[in-house]
Every structure is written in C-alpha cells, then in structure tokens.
Amino acid sequence: MADFVSEFEKLLPEVEKPGRYSGGEWNTPDMSSPARGDMCFCFPDLYEIGMSNLGVQILYDIINRAEGFRAERCFAPALDMAKKLREHGIPLLSIETKKPVKDFTVVGVSIGFELLYTNVLYMMDLAGITFRAKDRKEEDAIVIAGGPCSVNPEPFAPFFDAIVCGEGEDADLELLRRVAEGREKGLTRAQILNSIADIEGVYVPSLKREGYRVKKAVVKDFENAPYISKPLVPTVESVHDRATLELYRGCASGCRFCQAGFWYRPIRERSAKRCAELAKDMLKSTGFGELSLCSLSTSDYTGLEALEDELSPYCRERGITMALPSLRISSFKPDMAKDSRKSSLTFAPEAGTQRLRDVINKNVSEAEIDKISVAFEAGYDSIKLYFMMGLPTETDEDIAGIAEICRRLKRLYMEKRPKRGLNISVSCAVFIPKPCTPFQWEEQISFEEMKRRQFYLRGLLREIKGVSFSWHGAETSVLEAALARGDRRLSYVIEDAYRAGACFDGWSEHFKWDVWQAAFEGRGLTMQMFTRARDLDEELPWDFIDVGVDKKYLAKERELAYRGVTTKNCREGCNGCGALKMGRCTIL
Amino acid sequence: MIVLKYQKCDEARFISHIDLLRHISRILLRAEIPVKRSNGFNPHALVFFSPPLALGVTSRAEYLTIDTDMPAGEVLARFNASTPKGLNAICAYGCEKNPNLQARVVAADYVYPYPYREIDFSGVVIEYQKKGEPVKEDVSAKIFSARDEGGMLCLRLATGGVNLRPDRLLATLDGIYGETGSVTDIVKTAQFASEDGKFVNIDDILS
Ligand code: SF4
C-alpha cells in the first residue's frame with residue numbers, strides 16, 4: 001500500500017480550510033491497534049455539513065466501541081482539494097489514518113438528501129471505486145449506502161453492493177462483522193453478499209427478484225440504544241457546532257407531507273433521566289458551549305419539562321446555551337426560551353389557511369397563531385415563518401393566507417409593543433411529494449406554476465412593511481422530486497449528469513440545470529415522468545420495503561386529506577398506522 | 001492570571017486562528033478550569049492570545065493568558081488532559097496582571113527548512129495576493145536577523161502590529177536556495193518583546 005500521508009500533508013497549506021482534512025479532532029478514538037475489519041463512513045458533502053450529521057456520529061461510535069473493528073470518516077472534498085488530489089494522483093483518504101478509502105473492508109456512504117446523488121459518484125470517482133456494483137472485482141471493498149434516502153434506494157441502488165434501509169445502529173456493525181468473517185474464510189464476493197442479505201434492513205440490489213422484500217431496520221430498545229457520549233469536536237466550525245441530543249425518534253403529529261414523520265415510526269422516546277445523563281456526558285467530554293435538543297417536534301417530548309429542570313441549572317452554571325429547534329406553535333410557552341439567548345423565533349405553519357392546514361394535517365389553528373403574542377410580550381421582535389407552496393389542493397387563496405398571517409402578526413405585535421417594529425422573514429419551500437407519506441401519489445406542480453405562485457406571493461408580501469421573503473429554487477425542487485420517486489433508470493441519468501459536470505447540486509452556485517435536463521433527455525426520460533401523479537394501484541419503486549406503516553393507511557390518510565379531515569396526534573391515542581408491528585410506540 | 005505556553009503542531013497546525021479561539025474555550029470547559037467572565041451585555045470568558053500564527057506553520061512558543069484563580073500547576077495539568085493532539089501546553093506562568101502579549105510581541109524566530117547560509121536581505125521584495133489583488137512589498141525592514149540554528153536557517157521576523165508572515169518569505173527563499181520549501185516545515189521557536197531597544201524573550205519576561 002502506497003503511503004500518501006506526507007504527500008497529502010504538503011497539499012494542506014494550499015487548499016481552503018485545511019482543517020477539513022487534517023483530522024486530529026478531540027475525542028477521536030485510538031486507531032493504533034489492528035482491526036479485523038474496518039469501515040470508512042463517507043459523507044457526500046463538505047466536512048462542515050457532514051460533521052453535524054448525528055447518524056454518522058452514532059454509527060461511527062458504535063463500530064469503534066466494538067472489539068476488533070474500526071470506523072473512520074471521509075467527507076466530500078471541496079473542489080479545490082479534489083483538483084489537487086487529481087493532479088498529484090492521490091486517491092481519497094480517510095481522515096483518521098489517511099488510508100485510501102477503497103482499501104477499507106466496507107465503504108459506507110450516508111445519503112441524506114436527493115441532491116447529493118452526484119456527490120456519491122464524485123467521492124467514488126476520487127476514491128477510485130468502480131461506480132456499478134456489478135463491475136466491481138472480487139477483492140474490491142464492499143460498498144454500502146444508508147441514511148434517510150434509503151426510503152427509496154432504487155435510483156442509486158446499482159451503485160451499491162448493499163443498502164441498509166432504516167436505522168443502522170444494529171445493522172452496520174453486524175454487516176461489517178460478517179463481511180470481515182467472509183474475507184477471513186475466503187468467501188467470494190457473491191457469497192459474502194448472500195451472507196449479509198438476511199440482516200434486518202439490509203437490501204442487496206443484485207439479489208432483487210420478483211417478490212423480494214426488505215424490512216426496515218428499527219432500533220427496538222431506544223432508551224438503552226448506544227448514543228455518542230464522546231462526540232468528535234470539529235476542527236473547522238461546522239453548521240451545527242454544538243452538542244446534539246436526540247430525545248426521541250418518530251413523530252406523533254402525522255403531518256401528511258413529512259417523510260421523516262412516517263419513516264421513523266414507531267415513536268420511541270428516551271426518558272428524561274437518560275437524556276439528562278447523556279447531555280451532561282456530551283457536554284463534559286466536548287466542552288461545547290451550546291446544547292441542542294433535537295427531534296422532529298422537540299416541544300412535544302413528554303419529558304421536556306423534567307429535562308429542562310434538570311439541565312437548566314447545569315447549563316447556566318457553565319454558561320452553556322440550550323437551543324430548542326423546531327418549536328410547534330401549539331406548545332410554545334414563553335419560559336421555554338428563558339435560557340436561550342435567541343432573539344428570533346421560528347415557526348412553521350406550512351400553509352396559509354386553516355383549510356389547507358387541515359388538508360396536510362398540520363395541527364396549527366388560527367387561535368394558536370394568535371398565541372405568538374405571548375412571545376412578543378416576552379421581548380421577541382423578530383420571527384421566521386416557514387411555509388410550503390404547491391401543496392395538494394392549494395389555491396391562490398391559500399397563498400394569500402400567508403400574507404394574511406404576516407399582517408395578523410404585525411397587528412398582534414403592535415398591540416403589545418407599539419413603539420417598535422416587527423421583522424418577519426417568510427421562507428417558502430416548494431412541496432415535494434415523497435415516498436412513505438400519504439402524498440406519495442401526488443403530482444408536483446409544474447415549473448411554470450411554481451414560478452407563478454412565487455411571483456404572486458412576492459407581490460403580496462412586498463406590500464407589507466418589515467417582511468422579507470425567500471424561496472427555494474424551482475429547478476432544484478423539480479429535480480429533487482424526480483429523484484425522490486425515481487426508479488433504477490435514474491442511476492444512468494445520475495451517472496451521465498455527474499460525467500457532464502453535475503456535482504454539489506444542493507449548492508446553488510454549483511447547480512447545473514441544463515446538465516440535468518440533458519441527462520434525462522439523453523436517456524429518453526423527462527423529470528415530469530417522475531413528478532407526475534401516480535395511480536393508487538400503481539406499483540411504486542419503493543413498495544418492496546416494509547416500513548411498518550401500511551400502504552393502505554397512507555392511502556386512507558390521503559383520502560382524509562382530500563376531504564379536509566384531520567387525524568389526531570398519536571399522543572391522544574393510536575391511529576393504527578401499522579408501525580406497531582415493528583416495535584412499541586412508547587408514547588402510548 | 002495564568003499564562004500558558006503551548007505548542008501548535010501536527011494536525012493542529014491547520015486550525016485557523018478563528019477556529020483556535022473556539023478550540024481553546026472548549027478545552028477550558030472540558031478541563032473545568034474556572035475562567036472569569038467579562039461584565040456587560042454579552043459576557044465572554046477572559047482569555048487572551050499572542051499574535052495569530054500563519055496557517056500550517058508549527059509553533060513551539062504560543063501563549064495563552066487566562067484570567068483564573070486556579071494555581072499554575074493545576075491549570076497546566078488540567079489543560080493537557082483535555083487538549084487535542086498538537087495543542088499541548090509546555091509550561092505555565094503565574095502573573096499579577098495581563099501581560100498583554102497581543103500588543104507587546106514585536107518579533108518571533110522561525111526555523112526554515114533550508115541549511116543555514118548567510119543571506120543579504122537588503123531590498124528583498126515579496127509578492128502575494130491581498131483581497132485578490134497582487135501586492136509587492138519591500139520587507140527588508142521586517143527581517144531583523146538571520147542565524148544558524150542546528151545547521152538550519154533561523155530568521156527573526158516582525159510579528160504583531162507590524163507583521164511579516166513567515167510563509168510569504170518562502171518563495172524568496174526558494175529562489176535563493178533553488179529548492180521548494182513547504183509552509184508545514186517552518187517552525188516558530190520563540191516570541192519577543194522589545195525592551196530598551198533590545199529583544200527580550202517572552203519566557204524571560206514571564207518567569
Ligand atoms: S402505531 Fe399508532 S401510535 Fe404508533 S405511530 Fe402508528 S398510529 Fe401513531
């Protein structure tokens with residue numbers, strides 16, 4: 001094995017933010033003893049983004065704690081570094097021991113976002129890994145994928161030997177163990193793949209036949225599931241540069257557009273006692289000055305008050321800030337923010353009218369929006385509102401409702417603090433129908449219609465003083481929608497797009513719309529073929545994955561949506577979605 | 001007040017100055033060294049640095065001043081138990097008040113990866129980019145001396161308010177020696193203040 005370390009080090013002073021590649025983070029486990037098998041976690045985005053990914057850190061920690069196994073990391077290098085690596089003929093290396101990524105027993109790519117698909121190939125390319133699993137040689141590393149995009153792995157399935165669908169906590173280590181054993185016994189690649197196929201959650205694309213099914217992997221005992229007690233402390237400031245504690249998995253709200261809310265069912269909470277212990281361990285071992293309590297709807301967490309009581313004094317003594325993201329209006333209390341130095345509130349009504357909020361089952365009423373005045377009283381004078389555009393059944397009236405909410409908030413604010421001014425920032429994403437949601441059959445509105453509605457809203461908001469408006473690019477939303485519900489044909493499109501220069505598609509400055517359009521056309525496809533409405537009885541590319549939540553339940557929810565009927569929060573009682581067969585919903 | 005003398009080497013060479021500030025505050029939190037905080041609207045921990053080090057350069061002589069009542073020996077031990085590879089402290093000095101090294105340091109010694117040779121630096125011009133614009137600068141007045149350190153070239157360069165970045169001299173030295181040196185091979189070995197027109201090693205001021 002060639003030693004690239006010294007050559008690689010010489011490149012570091014020549015690139016932007018060399019700390020992205022240098023390693024040596026505090027809490028890095030000892031890598032000196034030999035391992036039976038090792039896995040390189042590849043995150044197809046920059047260090048700053050990847051280091052904030054909770055899933056990767058949890059899995060990294062689990063493998064490094066296991067006797068005889070080792071995990072290392074690699075992030076997508078920025079373009080300047082990629083150029084240097086190519087010029088010097090250095091393959092992509094792991095951060096910790098600077099070992100070529102392709103020489104690991106298993107290479108595990110975490111995919112959390114459709115617009116990272118070309119970056120997966122970018123990393124494989126730099127690493128010297130053959131793109132298609134079927135073309136790999138006997139001795140090549142076993143290349144696997146995991147992460148939230150495993151909800152519909154078909155567009156990228158041909159690039160991987162195996163895909164872990166669902167939560168990787170148990171599956172990843174078991175898979176690494178079996179691959180290492182297979183190598184020790186001298187098994188062939190095909191035999192090794194056969195030997196991992198029965199691990200819960202593992203999908204081996206080359207074995208897929210008529211009737212093939214994969215059961216999503218679920219952590220059964222979430223309370224005692226391993227958690228990162230010693231998170232790595234990033235060398236370069238990362239996007240969420242703080243200790244992050246996951247309070248629970250799944251979500252009881254049942255918003256009909258939300259993939260994570262259905263995909264991560266059953267709903268499993270960790271006790272406040274254990275959460276407090278974990279939080280303190282993390283803060284002690286990292287020295288982070290900020291703690292973020294994170295979950296899909298953190299303020300719904302049963303033990304929130306107990307947890308805050310336990311952690312507030314601890315944090316106050318040490319000057320640590322506690323951040324509570326994704327607050328729901330319905331559960332906002334002014335003292336929730338008492339230990340946070342934030343002066344800006346964030347709320348996500350998602351839709352402008354009650355009618356449409358009922359359609360999407362976003363449980364936020366007009367009366368509750370009025371409750372925001374409590375926050376104004378508490379001294380907040382800046383608010384961020386998140387909405388979605390193009391939701392099923394949306395009309396111009398619903399869009400006008402967004403402007404109406406802004407006016408209403410301004411009135412409420414003036415009643416409380418007439419001498420000052422309220423800043424409202426409205427952020428509007430385009431609705432993307434996603435697999436594993438009641439809206440998985442919906443069509444996405446056309447590109448032209450997106451533009452028209454964005455224009456319309458912008459016009460309305462311009463008339464209100466103190467409101468700023470930002471929206472997501474229509475182009476990326478169409479592409480994301482096409483990739484999200486795509487099938488295996490898209491693997492060719494992704495490969496063509498990458499070869500034609502698409503990369504870092506999630507970064508607006510790098511996004512190449514024309515390249516993607518040409519890539520679809522070149523394969524006789526269009527994005528609209530994938531963003532169209534699906535028939536209820538149509539076979540969907542992700543149907544072979546058993547996610548717990550029944551397809552029939554999703555269809556029923558869809559029907560309720562069209563009738564404008566809401567479904568109650570699971571905390572008020574089980575709605576019978578089917579996830580129970582995969583484990584207990586601890587909130588019941 | 002405690003002044004820690006620490007190194008910045010190995011992987012830590014690539015921590016930028018801004019990131020270093022966050023690193024240090026985390027080390028202090030992990031080490032549970034009680035640092036006094038400033039008063040006022042946005043209280044912050046009272047820690048003070050010596051002038052920033054160029055990215056990629058190794059240093060054996062960085063200084064960190066901490067406002068704490070903890071004894072020097074304990075600060076040193078705790079700091080070293082909580083610091084990542086490459087940022088460990090060498091010694092700790094106790095002092096009455098903040099020695100304000102940020103302002104007082106005027107020079108530093110750098111050992112370069114070239115064998116020692118007598119060089120005439122008069123009229124030396126360096127070229128570099130500043131905000132995308134090419135700049136030419138005569139830096140001869142910022143090179144105070146050259147000497148032999150273990151057979152290698154050691155330069156004393158202006159540091160602090162009047163500053164010469166050691167990496168920016170590399171191209172010039174490469175030209176003189178006809179070889180290519182790397183930033184990662186430069187080592188800072190000492191920092192100096194000026195007293196009565198003489199350079200005094202910061203260590204001597206503190207001890
Ligand atoms: S099983 Fe019941 S409680 Fe659990 S997520 Fe489904 S509907 Fe909600």
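The values are calculated or read from the model by the stated rules, or taken from the named source; none is laboratory data. This structure is a prediction, so every number in the text was calculated from the model and none was measured. Don't worry about glycine lacking a Cβ; one is built from the backbone with ideal geometry, like all the others, and counts go over all protein chains shown. The area values use the complete protein model at the heavy-atom level, side chains included, leaving out ligands, DNA and RNA. Shrake-Rupley method; radii C 1.70, N 1.55, O 1.52, S 1.80 Å.
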Count charges around A:Ala272 for me, please; just the other residues with Cβ under 13 Å from its Cβ, Lys/Arg as +1, Asp/Glu as -1.
-> -3
38 Å tail of the calculated P(r), chain A, as % of Cα pairs | 31 percent
What is the total of Lys pairs in chain B with C-alpha atoms under 29 Å apart, excluding same-chain pairs fewer than 8 positions apart?
-> 27
Positive minus negative residues near B:Tyr110 (Lys, Arg vs Asp, Glu; Cβ under 11 Å) | 0
Sorted largest first, the Cα spans of the stretch B:2-99 on the principal axes come out in Å as 35, 31, 25
Amide H partners (placed H, <5 Å) of A:Val202, local residues excluded | A:Cys165
Over chain A, calculate the relative contact order: mean separation of alpha carbon pairs under 8 Å at least 6 apart, over the residue count, as a percent.
-> 14 percent
Please state, rounded to one decimal and in Å, the Kirkwood hydrodynamic radius that the stretch A:5-215 gives when every pair of distinct Cα atoms enters the mean of 1/r.
-> 17.3 Å
How about the stretch B:53-78: which of its residues lose at least 10 Å² of accessible area in the presence of all protein chains relative to their chain isolated, using a 1.4 Å probe?
-> B:Leu55
DSSP beta bridge pairing in chain A, given as percent antiparallel to the nearest 5 | 10 percent
Using θ = phi - 60° and the Karplus form 6.51 cos²θ - 1.76 cosθ + 1.60, what ³J(HN,Hα) does each residue of the stretch A:420-431 get, whole Hz, x for Gly and Pro?
-> 10, x, 9, 9, 10, 10, 9, 10, 10, 9, 8, 4
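Which percent of the accessible area of the stretch A:5-215 is formed by carbon and sulfur heavy atoms (probe 1.4 angstrom)?
The nonpolar share, carbon plus sulfur, comes to 50 percent.
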May I ask for the accessible area buried between chains B and A, both sides summed, probe 1.4 Å, to the nearest 100 Å²?
-> 1800 Å²
Would you jot down the residues in the stretch B:8-37 that end up with at least 10 Å² less accessible area in the complete protein assembly than in the chain alone, with a 1.4 Å probe?
-> B:Glu11, B:Arg13, B:Phe14, B:Ile15, B:Asp19, B:Arg22, B:His23, B:Arg26, B:Leu29, B:Arg30, B:Glu32, B:Arg37
For the stretch A:108-250, the dipole about the Cα centre with charges only on Cβ (Lys and Arg +1, Asp and Glu -1), to the nearest 20 debye, works out at 380 debye
What residue among B:Leu21, B:Tyr6, B:Pro34 has its Cα farthest toward the positive end of the dipole of the stretch B:2-99, where the charges are +1 on Lys, Arg and -1 on Asp, Glu, each on the Cβ?
-> B:Leu21
In a Gaussian network model over chain B where Cα atoms closer than 10 Å are linked, find which of B:Val111, B:Val135, B:Val124 has the largest mean-square fluctuation.
-> B:Val135
Kindly list the residues of the stretch A:510-528 that lie in the label zone of A:Tyr492, defined by a backbone N under 15 Å from the point 7 Å along the Cα-to-C-beta vector.
-> A:518-527
How much net charge surrounds B:Ser59 when only the other residues with a Cβ under 11 Å from the Cβ of B:Ser59 are counted, with Lys and Arg +1 and Asp and Glu -1?
-> +3
19 Å Cα-Cα reach of A:Lys134 towards lysines, excluding residues that sit fewer than 8 places from it in its own chain = A:Lys102, A:Lys208
The stretch B:65-195: spread of alpha-carbon positions along the three principal axes, whole Å, largest first, is 50, 33, 27
Hey, how much of the P(r) for the stretch B:63-102 falls beyond 16 Å, as a percent of Cα pairs?
-> 35 percent
So how much slack lies between A:Asn224 and A:Glu397, counting 0.36 nm per residue of separation and subtracting their Cα-Cα distance, in nm?
-> 57.5 nm
So for the stretch A:88-193, using the alpha carbon gyration tensor with a ≥ b ≥ c as root eigenvalues (a/c under 1.5 gives rounded; past that, a/b versus b/c decides prolate or oblate), I'd call it rounded
With springs connecting C-alpha atoms under 10 Å apart, model chain B as a Gaussian network and identify which of B:Gly161, B:Gly40, B:Gly56 has the largest mean-square fluctuation.
-> B:Gly40
Put simply, what bits of the stretch A:229-254 lose 40 Å² or more of accessible area when the other protein chains are there, versus the chain on its own (1.4 Å probe)?
-> A:Thr235, A:Glu237
Order by protection proxy (mean Cβ within 10 Å, highest first), peptides A:47-60, A:304-317 = A:47-60, A:304-317
Sorted by packing (mean other beta-carbon atoms within 10 Å per residue), highest first, where do A:344-356, B:71-83 land?
-> A:344-356, B:71-83
Non-local residues with an amide H under 5 Å from the amide H of B:Lys188, with H modelled 1.01 Å from N and Pro and chain starts lacking one, are B:Thr58, B:Ser59, B:Arg60, B:Val111
Using a 1.4 Å probe on the protein chains only, how many percent of the accessible area of the stretch B:82-121 belongs to carbon and sulfur?
-> 48 percent
If you look for lysine pairs in the stretch A:365-447 that are eight or more places apart or on different chains, how many of them have Cα atoms under 17 Å apart?
-> 5
What does the helix-only formula give at 222 nm for chain A: each DSSP H stretch with n ≥ 4 adding -39500 (n - 2.57), the total divided by the residues, and the result rounded to the nearest 500 deg cm²/dmol?
-> -10500 deg cm²/dmol
Ellipticity estimate at 222 nm from DSSP helix runs (n ≥ 4, -39,500 (n - 2.57)) divided over chain B, nearest 500 = -5500 deg cm²/dmol
Length gained if A:Lys134 through A:His510 is fully extended, taking 0.36 nm per residue and subtracting the Cα-Cα distance, is 132.3 nm
Packing rank of B:103-110, A:464-471, where each peptide gets the mean count of other beta carbons within 10 Å, highest leading = B:103-110, A:464-471
Using the Karplus equation 6.51 cos²θ - 1.76 cosθ + 1.60 (θ = phi - 60°), what ³J(HN,Hα) coupling, rounded to whole Hz, does each residue of the stretch A:280-292 give in order, writing x for Gly and Pro?
-> 5, 4, 5, 5, 4, 7, 10, x, 4, x, 9, 10, 10
Residues of the stretch A:159-180 with amide N under 17 Å of a point placed 7 Å along Cα→Cβ from A:Asp198 | A:171, A:174-179
Heavy-atom accessible area of A:Arg411, protein chains in place, probe 1.4 angstrom, given in Å² to nearest 10, is 130 Å²
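Under a 1.4 Å probe, what is the accessible area of the protein assembly as shown per residue, stated in Å²?
Working: 32690 Å² over 795 residues.
Heavy-atom SASA per residue in the protein assembly as shown reads 41 Å².
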Label-to-label distance, nm, for residues given as A:Glu16 and A:Gln528 (7 Å Cα→Cβ offset) | 3.7 nm
Treating only the Cβ atoms of Lys and Arg (+1) and Asp and Glu (-1) as charged, compute the dipole magnitude of the protein assembly as shown about its Cα centre; round to the nearest 20 debye.
-> 1640 debye
Assign one of three labels to the stretch B:143-207, namely rounded, prolate or oblate, based on the Cα gyration tensor with a ≥ b ≥ c the square roots of its eigenvalues; rounded applies when a/c is under 1.5, prolate when it is not and a/b is larger than b/c, and oblate otherwise.
-> prolate
Residue-wise, which Karplus ³J(HN,Hα) couplings in Hz belong to the stretch B:164-174, taking 6.51 cos²θ - 1.76 cosθ + 1.60, θ = phi - 60°, and x for glycine or proline?
-> 10, 6, x, 5, 6, 8, 4, 4, 4, 5, 4
For B:Val106, enumerate residues with amide H under 5 Å from its amide H, sequence gap 5+ or separate chain, H modeled in the peptide plane.
-> B:Phe192, B:Ala193, B:Ser194
Tally the DSSP beta bridges in chain B and give the antiparallel ones as a percent, rounded to 5.
-> 95 percent
